[in-house]
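Throughout, read-outs are computed from the coordinates displayed, never taken from laboratory work. Keep in mind the model is a prediction, meaning the values are calculated, not measured. Here the Cβ positions follow ideal geometry from the backbone for every residue, glycine too, while neighbour counts run over all protein chains shown.
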Amino acid sequence: MALRHPRGPGERGRDAAAADIFTSEMPRVPRHELPAHETRAEVVYQIVHDELMLDGNARLNLATFVSTHMDPWADKLMAETFDKNMIDKDEYPQTAAMEMRCVDMLSRLWHSPDAKKATGCSTTGSSEAAMLGGLALKRRWQKRRKAEGKPTDTPNLVTGINVQVCWDKFANYWDVEMRLVPMEGDRYHLSPEEAVKLCDENTIGVVVVMGSTFDGSFEDVKKTSELLDDLQKRTGLDIPIHVDGASGGFIAPFLDPDLEWDFRVPRVQSINASGHKYGLVYPGVGWAIWRDAEALPEDLIFWVNYLGDEMPTFALNFSRPGSQVVAQYYNFLRFGFAGYEREQGYARRVATYLSAAIEKMGPFELLTRGDELPVFAFKLKDEVRNFTVFDVSAALRERGWQVPAYTFPKNREDLAALRIVVRRGFSADVADMLLADLREKVKGLEKLKSPLYSAAGGAGFHH
Ligand SMILES: *Cc1c(COP(=O)(O)O)cnc(C)c1O
């Protein structure tokens, strides 16, 4: 005789709490309309979690500059601080103090002449920081023009055509004309000579990029500054520089300490960097730092209550999580100068190792080697006609690697390349797996009679 138990199969099936999520009534959720009823948290967790499996694996995403690995202690601190609002300086004075300490540390790292009066703030990323830096340049130019009794309706900003899209946004949103220096031959970033030729009395500043997103190369801040000094001697025009150090602001100080790209160059008035790129924090945190208080016009600043006192803020948004700033402060204490030097040095060694191995593979030619940012671009040799960089990108995607292929802008629209960003968590061991897959895929592609893809079909390019 079978054992009889009050919770036999029939009864058990009715106990929703005991049922397995997958085999019980896992609901089909409405995707575009707010559901009428509530659903148990663990069921919804599983539904959302499962859908996200279709996203690419962040660690295999060699397209992004943004951090995809932090250690468990950072994870813990971030989880503990999700509930803090960065703007509530009065309620969370210690989070506010940590933000200011980060500003102090970065001002010193970037050789601000008067770091005791460090001027700067955290942002959601380099895009917001670029907006703030650009706004300060525009406001200063307007003030000077007004004082001279001259018109202020046609400001322009000079950059290389390789600038990140945040500068196109800045120009569009704030009615500033973009004057772009095109690429030429094998020059894929700003030419200081050409930049100065585009400057006139309406130029609010020149943006020089420390770490071009196209190929990882550094632009020449010092040379640009020298040519602007010369322009000033000839014409009286005094044009400031903003350095977009989104990536390079956290690379050059540690790996190229003698390279003068920062506030050591007097013409550099402001610098932005992404804490969530080589600052090694998860998205989104960025930093905007001014040379000194004079570089940031006071009428752009708003004041919020802080311990009964007033605290200055400069930001595009109001509420924002405090956890990324806490994580940045954690990283600064955790790594210190030596730790960042070690992390970035390792990334650069892996990048140059990878680029050298890819160069030796045969069909590829390097545009850069990963010896500035740990980022390099490479193309197919001209004689390779039966497959394209887009085919290489798509083939690697089959193994989960996301390596973007993209075409270059004016005057090198003929050039299509692949780009690899090496960052924390991408070890030499993982690099070897990528190389093995690339070799294997190239062997297959070499048998093609004609290309499969002649435009981007694989991973997107993070421009
Ligand atoms: C990534 C990047 C930006 C934009 O930065 P976010 O932090 O993603 O907003 C701007 N400029 C350069 C050079 C970049 O690499």
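Ordering HIS189, HIS111 by the number of other Cβ atoms within 10 Å of each residue's own Cβ, fewest first, gives HIS111, HIS189. Peptides 216-222, 342-348, 397-403, 67-73 ranked from most to least packed, by the mean per-residue count of other Cβ atoms within 10 Å: 216-222, 342-348, 397-403, 67-73.
Taking 30 Å as the straight-line reach from the Cα of LYS360, the lysines in range (excluding those fewer than 8 positions away in the same chain) are LYS277, LYS379, LYS381, LYS410, LYS441, LYS443, LYS447, LYS449. What you get for the range 76-332, charging only the Cβ of Lys and Arg (+1) and of Asp and Glu (-1), is a dipole of about 240 debye around the Cα centre.
Which shape class, rounded, prolate or oblate, goes with the chain when its Cα gyration tensor gives a ≥ b ≥ c as root eigenvalues, a/c under 1.5 marks rounded, and past that a/b bigger than b/c marks prolate? All intermediate terms of the calculation are to be shown ahead of the outcome.
Details: a/c = 2.07, a/b = 1.28, b/c = 1.62.
Oblate shape, in that a/c is at least 1.5 and b/c is the bigger or equal ratio.
Each label point was placed 7 Å from the Cα along the Cα-to-Cβ direction; for ASP432 and GLU91 their separation is 5.1 nm. Applying a threshold of 28 Å to the alpha-carbon distances of LYS116/LYS138; LYS76/LYS116; LYS169/LYS233; LYS76/LYS117; LYS150/LYS223 flags LYS76/LYS116; LYS169/LYS233; LYS76/LYS117; LYS150/LYS223 as lying beyond it.
When only Cα pairs below 8 angstrom with a gap of at least 6 residues are kept, the chain shows a relative contact order of 20 percent. In the chain, the DSSP beta bridges split such that about 60 percent are antiparallel, to the nearest 5.
Highest mean first, the peptides 141-148, 327-334, 446-453, 36-43 sorted by other C-beta atoms within 10 Å per residue fall in the order 327-334, 141-148, 446-453, 36-43. The range 40-71 and the range 220-246 have Cα centres spaced 43 Å apart.
Tell me, what is the FRET efficiency for GLU194 and MET361 to the nearest 0.05, using R0 = 30 angstrom and their Cβ-Cβ distance as r? With R0 = 30 Å, the Cβ-Cβ based efficiency is 0.30. As a rough guide to protection, the peptides 380-392, 276-288 ranked by mean Cβ packing within 10 Å, highest first, stand as 276-288, 380-392. Compactness of the range 76-332, taken as the C-alpha radius of gyration over 2.2 N^0.38 Å, stands at 0.99. Taking the C-alpha atoms only, the angle from helix 323-360 to the longest principal axis of the chain is near 90 degrees.
ALA293 to SER450: extension gain in nm, 0.36 nm per residue of separation minus the Cα-Cα distance?
Answer, rounded to one decimal: 50.6 nm.
The fewest-to-most ranking of ASP258, ASP432 by surrounding Cβ atoms within 10 Å reads ASP258, ASP432. Remark: SER270, SER191 ranked as SER191, SER270, counting other beta-carbon atoms within 10 Å and listing the fewest first. In degrees from 0 to 90, rounded to the nearest 10, what is the angle of the helix 221-235 Cα long axis to the longest principal axis of the chain? Compared with the principal axis, the helix lies near 30 degrees.
Its Cα centre serving as origin, the chain has a Cβ charge dipole (Lys and Arg +1, Asp and Glu -1) of approximately 620 debye. Under the criterion of Cα pairs below 8 Å and six or more residues apart, the relative contact order for the range 39-189 equals 12 percent.
Taking the longest Cα principal axis of the chain as reference, the axis of helix 41-52 is set at about 60 degrees.
For every helix of n ≥ 4 consecutive DSSP H residues, a contribution of -39,500 (n - 2.57) applies; sum these over the chain, divide by its total residues, and give [θ] at 222 nm rounded to the nearest 500 deg cm²/dmol.
On the way: 12 runs with 166 residues, N = 463.
The helix-only estimate for the chain comes to -11500 deg cm²/dmol at 222 nm.
Contact order, relative form, for the range 76-332: 31 percent (alpha carbon pairs under 8 Å, 6 or more residues apart, mean separation divided by residue count). Gap in Å between the Cα centre of the range 405-442 and the Cα centre of the range 98-122? With the range 98-122 and the range 405-442 each reduced to a Cα centre, they are spaced 35 Å.
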